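Below is one structure, written out as structure tokens; the observations come after it.
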Amino acid sequence: AMTNSLEDYLETIYLLVQANGGARVRDVALALHVKMPSVIKAVLELKKHGYVTQEPYGAVDLTEAGARAASEILGRHTLLKKFLMLLKVSDETAEKDACAMEHFLSPETLTRITEFVKTNSRKGRVGR
């Protein structure tokens, strides 16, 4: 299993790759407010998992498995943010809490939240 912080790194690398076609160590460090050595260590760990590749001193890129894992983490994040917004939590807090919650919820709870969000998103659209 991956640690919370590794999941955050993977998610960030994924978003940077989506935006820029690659993720530079410096950009990951800036995005996560960490120092470059921390990013380098995380990238090594992610390589061990088979999630990323990196040219020497080059940009970090995702493997297919890495992209799949990252989009799952991101999907969970988006789902939880939607859930909190349905509960009328403010945007800023929903974003922050989704980040915290995404690491700790059991698959069962996530499944129930998914069903809840699906049902309530549909209801919300009627009559708008």
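The values are calculated or read from the model by the stated rules, or taken from the named source; none is laboratory data. The shown structure was predicted, so the numbers you read here are calculated from the model rather than taken from an experiment. In this analysis, Cβ positions are derived from the backbone assuming ideal geometry, glycine residues included, and neighbour counts consider all displayed protein chains. To get the accessible areas, we keep the full protein, side chains included, count just its heavy atoms, and leave off ligands, DNA and RNA. Shrake-Rupley method; radii C 1.70, N 1.55, O 1.52, S 1.80 Å.
Quick rundown of the values:
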quantity: Mean separation of Cα contacts under 8 Å, 6 or more apart, over the residue count of the chain: relative contact order %; calculated: 20
quantity: Choice from 70, 100, 19 showing the highest fluctuation, given a GNM over the chain with Cα pairs closer than 10 Å; calculated: 19
quantity: Around residue 34: net Lys/Arg minus Asp/Glu count, Cβ-Cβ under 15 Å; calculated: -1
quantity: Estimated inter-spin distance, residue 49 and residue 87, nm [label 7 Å along Cα→Cβ]; calculated: 2.6
quantity: Loop trypsin sites (Lys or Arg not before Pro), segment 1-57, which have at most 10 other Cβ atoms in a 10 Å radius of their Cβ (DSSP); calculated: 35
quantity: Using alpha-carbon coordinates, inclination of helix 91-101 to the longest axis of the chain, degrees; calculated: 70
quantity: Residue among 71, 89, 101 farthest towards the positive dipole end of segment 54-128, charges placed on Cβ; calculated: 89
quantity: Exposed chymotrypsin sites (Phe, Trp or Tyr not before Pro) absent - longest run of the chain, DSSP non-H/G/I/E/B, at most 13 other C-beta within 10 Å; calculated: 1-56
quantity: Dipole in debye (nearest 20) - the chain, about Cα centre, beta carbon charges: Lys, Arg +1; Asp, Glu -1; calculated: 480
quantity: Helix-derived mean residue ellipticity, 222 nm - over the chain, DSSP H n ≥ 4, -39500 (n - 2.57), to 500; calculated: -23500 deg cm²/dmol
quantity: Above-threshold pairs, the threshold being 28 Å between Cα atoms, out of 47/118; 41/96; 35/96; calculated: 47/118
quantity: Whole-number accessible area per residue in Å² for the chain, which is evaluated in the context of all protein chains at 1.4 Å; calculated: 65
quantity: Förster-model FRET efficiency, 35 Å R0, residue 118 and residue 40, C-beta, rounded to 0.05; calculated: 0.30
quantity: Solvent-accessible area, 1.4 Å probe, carbon plus sulfur percent, for the chain; calculated: 57
